[in-house]
Amino acid sequence: MTENIQDPELTDDEKKMLTALLSDEQDMSGFGESRRLFLKQLIGAGGAVLAFQLLGDQSIFAHETDSSFDNFPENIEHAVSINFKVNGAAKSLKIDSRMTLLDTLRERLQLTGSKKGCDHGQCGACTVIVNNKRVLSCLTLAATCEGKSVQTIEGFAKNGVLHPVQAAFLKHDGFQCGFCTPGQICSGIALMNEVKNGEASYVTPDIRTVNKNIELSDDEIRERMSGNICRCGAYANIIAAIKEVLSGKEVAQHWLLVPAINNTIVTNPEQHLPNVQI
Ligand code: FES
Ligand code: FES
C-alpha cells in the first residue's frame, strides 16, 4: 500500500484521498496506471456536477430575473398571462396556470419575503394581502390575481420608514427566528383594516352591535391572528405589538423579564431571576 501511494504520478492530495478511501487490507495492485485516470475522472465528474449546478443556478436566476411577458420561455406548460400589481408596481407575467401566488412571488418576482412553511394552508407563513384582504398565497393560484393588487412584506416600509406594525414587532421582540414574521405582519396589517371596517370575528361577543373601529381584547387579537403559527412561540410579544398599534397606547414589553426590583435598576439580573415572577 505504501509503495503504491508513493507513486510519483500522484500528487500529495491524491495520495491523501486514496489513503482515506482505501483500507490497509485492500490490494491496490492492478490499479496503478489507471489510478490517475480514475482520479481525473472522479475530479472531472465532480467538476462537471459543480459546473452543471452553477449553470443550472444561473439559468434559474436568469429565469427569475426575467419576469417580462415577452421573454419568458415559450415552452411553459399550461401557459396563461396575468397582469396585476405587486406592491404598487404593474407586473405582466406568463405563468403555468397551476402556479401558486407564493411561487410566483418567490420564483418569478424574487420577492422571497413571503415564506413557504407548509405549502398546505396550515401555518400562515405565506400570508400576503390581495385587494386589502389577507390570503394564504400557497393556496391562491396566481392566475386568479388578474387585475388585482398584491401587497407583500417587501412593500410596507416607505422611504426607509417601517410600517407601524413592523416597528412594533421590533419594539416588542415579536419574533425569534423570524420565519413566520412576514406572514404575521401581513396578517396584523390586514387585521387593522378589518377592525376599521367593523368586521366581526369568531369571538366577537355580539355581532349585532359591531361598529367600525372595534376595540379588540387580547382574545380577539389571538383569534384573529390564529391562522399564523409561530414555532418559536413569540405569541405574547406579537399580541403586544398589535395591541399597541391598534390602541395607539404604549403596551408593556414582555421581554423585560427582570423588572426593576425595589425601584432600583437591576444590573445583575441573573441573581434575581429565580425570585422573579414573570
Ligand atoms: Fe401557506 Fe403554510 S405556507 S399556510
Ligand atoms: Fe420563529 Fe415565529 S419567530 S417561527
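Throughout, read-outs are computed from the coordinates displayed, never taken from laboratory work. Because the structure is a prediction, the values reported are computed rather than measured. Neighbour counts run over all protein chains shown; Cβ positions are idealised from the backbone, glycine included.
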Residue-count net charge about ALA125 - beta-carbon cut-off 13 Å; Lys, Arg +1, Asp, Glu -1: +4
3J(HN,Hα) from dihedral phi, region 227-239, Karplus parametrisation 6.51/-1.76/1.60, rounded to Hz, x for glycine, proline: x, 10, 8, 10, 6, 7, x, 8, 4, 4, 6, 5, 4
For region 166-183, 3J(HN,Hα) per residue [Karplus equation, 6.51 cos²θ - 1.76 cosθ + 1.60, θ = phi - 60°, Hz, x = Gly/Pro]: 4, 5, 5, 4, 5, 4, 9, 6, x, 6, 10, 6, x, 5, 7, 4, x, x
Student exercise, region 99-206 dipole from Lys, Arg, Asp, Glu Cβ charges, in Debye to nearest 20: 220
Subset of LYS91/LYS212; LYS115/LYS249; LYS133/LYS249; LYS148/LYS249 violating a 29 Å alpha-carbon distance limit: LYS91/LYS212; LYS115/LYS249; LYS148/LYS249
Length gained when the stretch VAL80-THR112 is fully extended (0.36 nm per residue, less Cα-Cα span): 9.3 nm
HN-Hα J in Hz across region 197-213 - Karplus 6.51, -1.76, 1.60, θ = phi - 60°, x for Gly and Pro: 7, x, 7, 6, 10, 4, 9, 4, x, 9, 5, 6, 10, 5, 10, 5, 6
Label-reachable residues, region 224-254, where backbone N falls under 20 Å from a point 7 Å from LYS133's Cα toward its Cβ: 224-228
Label-point separation in nm, LYS15 to ALA90, each point 7 Å along Cα→Cβ: 6.9
Mean Cβ count within 10 Å, highest first, over the residues of peptides 77-85, 175-183: 175-183, 77-85
Cut-off under 5 Å, modelled amide H: who pairs with ALA125 long-range: GLY117, CYS118, ILE229
Approximate spin-label separation SER247-SER226, in nm, with each point projected 7 Å along Cα-to-Cβ: 2.2
